[in-house]
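Scroll down for the structure; my scribbles are underneath it.
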Protein chains: 2
Amino acid sequence: MGEPAGIGGEIALEAWRQRRTAGLSPFFIIDDPARLKTLAARLGIEVPVAEIAAPQATAEIFPDALPVLPLAQAVAGEPGRLDPANADAVIESIRCAVALARQGAAAAVVTNPIHKQILMEAGFRHLGHTEFLAELCATSDAPVMMLACAELRVVPVTVHLPLRRVPEALTTARIVEAGMTTAEALHRYFGIAKPRLAVAGLNPHAGEGGQLGSEDDAVIRPAVRALQEAGIEAFGPLPGDTMFHPAARRRYDAALCMYHDQALIPIKTIDFDGGVNVTLGLPIIRTSPDHGTALDIAGQGKASAASLLAALRMAAEMAAASRRPPAVP
Amino acid sequence: MGEPAGIGGEIALEAWRQRRTAGLSPFFIIDDPARLKTLAARLGIEVPVAEIAAPQATAEIFPDALPVLPLAQAVAGEPGRLDPANADAVIESIRCAVALARQGAAAAVVTNPIHKQILMEAGFRHLGHTEFLAELCATSDAPVMMLACAELRVVPVTVHLPLRRVPEALTTARIVEAGMTTAEALHRYFGIAKPRLAVAGLNPHAGEGGQLGSEDDAVIRPAVRALQEAGIEAFGPLPGDTMFHPAARRRYDAALCMYHDQALIPIKTIDFDGGVNVTLGLPIIRTSPDHGTALDIAGQGKASAASLLAALRMAAEMAAASRRPPAVP
């Protein structure tokens, strides 16, 4: 469901409408069926909403109607108007999705955007969506965020912290961990026999031999070596600015970046609408559209479903790859 | 000339060969004619090299031969092999180009890449190429670097310093200065009546209201306001990751970025070969190709002349725009 005041509902309705042209695998949504019916009527689009009692009904219903597994409570969800009264439903939807995926009743979880502040006002105590998922999955390892589009996959080693905190937060161990998790996921979920990781430097020109900063040689280079010693085709540190053009991208399967904008600038420049957020290092498959709740345009039928469509497709592909025999390195 | 051991000579020869198809304005090169003849022979390309006595001869000779204004000394310039003995010639070439431009004997200066370390070994005491040009021009203001391609112009407010030094180096005054210089240059040299500047934030999501860093609100926002008060259409701070996709780029004429990679990642991702480095804030027009000396491939005929061609074209366009009556705001 995600935040009911946001665009999650309408892009889910739209995704179902495009199920054939977009080649989607069957999905169900954990939401309030009445809310989705009202939303479809408001938008003037024809989406038959079918309440289901269990995920198993999805495949049969999906061609003709959008399967909705109902939440315990009704959700008002006035577009654009945040309401702390919906917080329990938002959290319940996530909790339920993860439980079903862990039980094997769903192949993957695709999360619609949530609004962290309103959840925190209602008592939510997690750093974010991903951290909450990690707790629900009882994983001790830090999950790793990957952004992926058709042309590029990026992994920011540090994510949501002020730029001035990045140098101290970067450690060799953290880079190695992110690299290992990434390589493992590329192998298991993306069918890549021998994943190649390009590791970005932190400073301009990757430090230019120490003249523009010490971290590239002191922190990042040892991490690249450790990854290589673990049998991973890692290389770097590379100057951040020259590693994302088309010819450079062909040399690797994912770019390990040192901070938020270094990873997100190239991918959002290349493919603003089609990027998918994938969480690696969880025992379940989880993707999500790479945008927020977009409260300002919610309920108006303006929101693009492109990223959700890409997230649904990627989740299905990852699930299919993980069922095939593993790629031989 | 630039560094004679680098690719400067061969891309200049190649640029002359493409003078018609690339629509180039006449240019002359300040170099050793004998060196260029040897280089052309080595590469097996036919480029008649014509020694000229003064820049004024360029227009007549250019259609049929590459005009070369000779340096006082011969230059050996073995491709790929740096030699401190060439340092004086490298510096003399720059000095001469600037002097001719300041006298009005040349409309603009296009510099081929130099190799700073070898010049420093020979006693060069400037932070870089641009700083040397500023000194030759006797400008007290700090020159501003702009990278430009057909789809995007970016200006890094801080350039060659370690990432951890960026937050403290960023001041409101420095951002305002860079913005003023950029707006003035867009007006004067690019014929833009009312330049629009998009100003990037420093932190992820432009600080997310202070939760991800304080500089966006404390340092950058006042700079945007000051630019607006000076009559410039500036807006921001914008989240760095969402300001470089095609729809976002249509909203501004240049992006003011806070550090090296924030500016250079998007432009090199979009157009790796065709980017041009433009120095703003000098009393002369100066462009240069957006790459280094590429010693590893020098003398092999592999180097792409695309960025030098773009630099030559942009210099000519800037010169033409500055001769037209100014665009009305």
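The values are calculated or read from the model by the stated rules, or taken from the named source; none is laboratory data. All figures in this text were calculated on a predicted structure; none of them were measured in a lab. Cβ atoms come from the backbone with ideal geometry, glycine included; neighbour counts cover every protein chain shown. Ligands, DNA and RNA are excluded from the accessible area calculation, which covers all protein heavy atoms including side chains. Shrake-Rupley method; radii C 1.70, N 1.55, O 1.52, S 1.80 Å.
Test B:Ala76 against the stated conditions and say whether it is in contact with an Asp or Glu (Cβ under 7 Å, 6 or more places away or on another chain) and either of a type in the set (A, V, I, L, M) or closer than 16 Å to B:Val110 by Cβ (or both). Answer is yes for this residue.
Against the condition touching an Asp or Glu at 6+ places or on another chain (Cβ under 6 Å) and open to solvent by less than 50 Å² (accessible area, probe 1.4 Å), how does B:Thr287 come out, does it pass?
So B:Thr287 fails the test.
All of B:Ala65, B:Ala54, B:Ala150 fail the test of being within 26 Å of B:Gly275 (Cα to Cα), surrounded by fewer than 16 Cβ atoms within 10 Å (Cβ to Cβ) and away from chain A (no Cβ under 14 Å), apart from B:Ala150. One residue stands out among those in the stretch A:67-88 that are assigned to a loop (DSSP other than H, G, I, E, B) and touching a helix residue (DSSP H, G or I) at 6+ places or on another chain (Cβ under 6 Å): the one that is farthest from A:Gly9 (Cα to Cα), which is A:Gln73. Could you please let me know if A:Leu127 is at pLDDT 85 or above and either on the phi > 0 side of the Ramachandran plot or assigned by TED's automatic domain parsing to the domain that holds A:Glu10 (or both)? The answer is no for A:Leu127. Can you find a residue that is modelled with pLDDT of 95 or more, open to solvent by less than 40 Å² (accessible area, probe 1.4 Å), under 14 Å from B:Pro195 (Cα atoms) and more than 9 Å from chain A (Cβ to nearest Cβ) anywhere in the stretch B:236-246? So far as the stretch B:236-246 goes, no, none of its residues is modelled with pLDDT of 95 or more, open to solvent by less than 40 Å² (accessible area, probe 1.4 Å), under 14 Å from B:Pro195 (Cα atoms) and more than 9 Å from chain A (Cβ to nearest Cβ).
Could you count how many residues in the stretch B:271-280 are within 21 Å of B:Ala200 (Cα to Cα) and either open to solvent by 10 Å² or more (accessible area, probe 1.4 Å) or without any contact (Cβ under 8 Å) to a residue 40 or more places away in the chain (or both)? Spell out how you get there, then give the answer.
Of all residues in the stretch B:271-280, those within 21 Å of B:Ala200 (Cα to Cα) come to B:271, B:275-280.
Keeping just the survivors that are either open to solvent by 10 Å² or more (accessible area, probe 1.4 Å) or without any contact (Cβ under 8 Å) to a residue 40 or more places away in the chain (or both) gives B:271, B:277.
Final tally of qualifying residues: 2.
Scanning the stretch B:78-109 for residues that are touching a Leu at 6+ places or on another chain (Cβ under 8 Å) and within 13 Å of B:Asp31 (Cα to Cα) gives B:Ala87, B:Ala89, B:Val90, B:Ile91, B:Glu92, B:Ser93, B:Ile94, B:Arg95, B:Cys96.
Considered as a group, the residues in the stretch B:287-329 that are among the acidic types (Asp, Glu) and more than 22 Å from B:Arg196 (Cβ to Cβ) include one that is modelled with the lowest pLDDT, and that residue is B:Asp290. Just the residues that are among the basic types (Lys, Arg) and open to solvent by less than 30 Å² (accessible area, probe 1.4 Å), please, taken from the stretch B:94-112. Once the filter is applied, which keeps residues that are among the basic types (Lys, Arg) and open to solvent by less than 30 Å² (accessible area, probe 1.4 Å), the stretch B:94-112 yields nothing. Among the criteria (1) open to solvent by less than 20 Å² (accessible area, probe 1.4 Å); (2) touching a Lys or Arg at 6+ places or on another chain (Cβ under 9 Å); (3) among the hydroxyl-bearing types (Ser, Thr, Tyr), the one B:Ser25 does not fulfil is (1). Of all the residues in the stretch A:71-86, those that are farther than 24 Å from A:Gln300 by Cβ and buried (at least 19 other Cβ atoms within 10 Å of the Cβ) number 1. Here A:Ala263, A:Ala247 are screened, and the one residue that is under 16 Å from the mean Cα position of the chain (by Cα), of a type outside the set (Val, Ile, Thr) and in the same structural domain as A:Ala198 (by TED's automatic domain parsing) is A:Ala263. If you filter the stretch B:153-166 down to residues that are facing chain A (nearest Cβ under 10 Å) and open to solvent by 40 Å² or more (accessible area, probe 1.4 Å), you find that the one that is nearest to B:Gly281 (Cα to Cα) is B:His160. Please verify whether A:Val278 is in a helix (DSSP H, G or I), at pLDDT 95 or above and more than 11 Å from chain B (Cβ to nearest Cβ), treating the condition exactly as stated. Here the answer is no, as A:Val278 does not meet what is asked. Among the residues making up the stretch B:221-235, those that are in a strand (DSSP E or B) and either open to solvent by 60 Å² or more (accessible area, probe 1.4 Å) or facing chain A (nearest Cβ under 9 Å) (or both) are B:Glu233, B:Phe235. Need the failing condition index for B:Phe272 against (1) outside any loop (DSSP other than H, G, I, E, B); (2) under 30 Å from B:Glu317 (Cα atoms), just the number. If we test B:Phe272 against (1) outside any loop (DSSP other than H, G, I, E, B); (2) under 30 Å from B:Glu317 (Cα atoms), just (1) comes out false. Restricting A:Gly207, A:Gly179 to those that are in the same structural domain as A:Pro239 (by TED's automatic domain parsing) and out of contact with any strand residue (DSSP E or B) (no Cβ under 6 Å at 6 or more places or on another chain) reduces the list to A:Gly207. Looking only at residues in the stretch A:247-270 that are at the interface with chain B (Cβ under 8 Å from one of its Cβ atoms) and among the charged types (D, E, K, R), the one that is most open to solvent (accessible area, probe 1.4 Å) is A:Lys268. Among the residues of the stretch B:169-220, just one is under 28 Å from A:His291 (Cα atoms), within 28 Å of the chain's Cα centre (by Cα) and open to solvent by 60 Å² or more (accessible area, probe 1.4 Å), namely B:Arg196.
Just one of the listed residues (A:Arg324, A:Arg313) is open to solvent by 30 Å² or more (accessible area, probe 1.4 Å) and touching a Leu at 6+ places or on another chain (Cβ under 7 Å), namely A:Arg313.
Using beta carbons and a limit of 7 Å, which pairs, at least six apart or on different chains, have the first residue in the stretch A:134-158 and outside any loop (DSSP other than H, G, I, E, B) and the second one among the aromatic types (Phe, Trp, Tyr) and at pLDDT 90 or above? From the stretch A:134-158, the pairs are A:Pro156/A:Tyr259. All conditions but one from (1) over 15 Å from the mean Cα position of the chain (by Cα); (2) in contact (Cβ under 8 Å) with a residue 24 or more places away in the chain; (3) over 25 Å from A:Thr269 (Cα atoms); (4) open to solvent by 30 Å² or more (accessible area, probe 1.4 Å) apply to A:Met120; the one that does not is (2).
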